[in-house]
Amino acid sequence: MAEVPVFLAFLLLGPEASIFSSIIYWLILLLVGSFTPLGPTMKFVAVLSTLIGLWAGFRLRPSGGMGLALGGALGCMIRIAVMSVFNYFVLVYMFPGFLELAAASISTFLGLRISDNLVALTMSMTFTAIFNALHTPLSIIPAYLVVKSLIRAGGSRVGAYELWYARLAKAASRRSPQRS
């Protein structure tokens, strides 16, 4: 849930604001997070990769709902791919001892005995991909619901700025043909 403010910044103010807020989030995690600097950096890369996919979805489908759905799906896929490569690098090259720890945790969780490193790596990568697949909508949907509530309440502006998502939705409604 700590990523929600970053995605809220994306929907309220646009991609630049979300990148800025993700950098602030990363810097805070570097100061108070665990397993610094690797843990916070991995979180930053996960958030940034999701933002790239979200932004790409809105670039491909500038309408509100379709852009969000496509961007969420792209963000999820990009996050899974990027974090799989990152985790592979960490588990195989940087900290191979973590693979034994991951195998022990998975063995305990599943009630299995994992003795082969390839099986341990495959299981670790699979569970990490599932985690990232679940984490993406759990971060984007609450931010979307907040923004949608603000728009419904008539708050399509923050100070002098029109909400980024509201601006996209309004532009999309002007482009779409009227139904009778």
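Rule-based calculations on the coordinates, nothing more; no lab input. No experiment lies behind these values; they were computed from the predicted model shown. Please note: Cβ atoms are built from the backbone with ideal geometry, for glycine as well, and neighbour counts cover all protein chains shown.
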For this session: Select from region 53-89 the residues that are surrounded by fewer than 16 Cβ atoms within 10 Å (Cβ to Cβ) and either under 18 Å from P142 (Cβ atoms) or under 13 Å from the mean Cα position of the chain (by Cα) (or both) and list them in ascending order.
Result: G65, A69, A73, A81
For this session: Please work out if F86 is assigned to a helix (DSSP H, G or I), within 19 Å of I130 (Cα to Cα) and free of Cβ contacts under 8 Å to residues at least 60 places away in the same chain.
Result: yes
Seminar exercise, completed: Within region 22-52, the residues that are among the hydroxyl-bearing types (S, T, Y) and surrounded by 15 or more Cβ atoms within 10 Å (Cβ to Cβ) are S22, Y25, T41, S49, T50
For this session: Taking the residues in region 113-130 that are surrounded by 13 or more Cβ atoms within 10 Å (Cβ to Cβ) and under 24 Å from the mean Cα position of the chain (by Cα) as candidates, determine which candidate is farthest from A73 (Cα to Cα).
Result: L121
Exercise. What do you reckon, is M42 closer than 20 Å to F7 by Cα, assigned to a helix (DSSP H, G or I), within 17 Å of the chain's Cα centre (by Cα) and of a type outside the set (K, R)?
Worked result: yes
Problem set entry | Scan of region 92-112 for residues that are surrounded by 13 or more Cβ atoms within 10 Å (Cβ to Cβ) and closer than 30 Å to I141 by Cβ, ordered by number | A102, S105, I106
